[in-house]
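Provided herewith is a single structure, encoded as structure tokens, for subsequent inquiry.
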Amino acid sequence: MSGPAAEASSRSGAAPHPLRSDLAELARLAGPVVAGRVGMMAMGLTDAVVVGRYSATQLGYHALAWAVAATVMSLERVGIWLNRRIPKSGEF
């Protein structure tokens, strides 16, 4: 909503649209997750650039190792790794 209708809505004290408030909360909660994922990708890219300047063979080894390391880091981040961070039924 924009223009006069939006101004009238904000002046009359009407409640914000539920979809807008849900999306704002989702963006607030997703921010740290997105930042973490972008950080992991930046770290992988930086490593690949450094190793690639050293040797093409070593870059292949790095790609194999990074696939495993990224998977482990992702699983741990979501809380699946060894079921440590997922509460059992009734533990809330």
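The values are calculated or read from the model by the stated rules, or taken from the named source; none is laboratory data. Everything numeric in this text was worked out from a predicted model, so none of it was measured. Reconstructed Cβ throughout: ideal geometry from the backbone, glycine too, with neighbour counts over all protein chains shown.
Scanning segment 26-52 for residues that are surrounded by 10 or more Cβ atoms within 10 Å (Cβ to Cβ) and among the charged types (D, E, K, R), which turns out modelled with the lowest pLDDT?
Among those that are surrounded by 10 or more Cβ atoms within 10 Å (Cβ to Cβ) and among the charged types (D, E, K, R), it is 37.
Looking only at segment 2-25, which residues are modelled with pLDDT under 85 and hydroxyl-bearing (Ser, Thr, Tyr)? It would help to see each step written out before you state the result.
Step one: filter segment 2-25 for residues modelled with pLDDT under 85, giving 2-18.
Answer for segment 2-25, where residues must be modelled with pLDDT under 85 and hydroxyl-bearing (Ser, Thr, Tyr): 2, 9, 10, 12.
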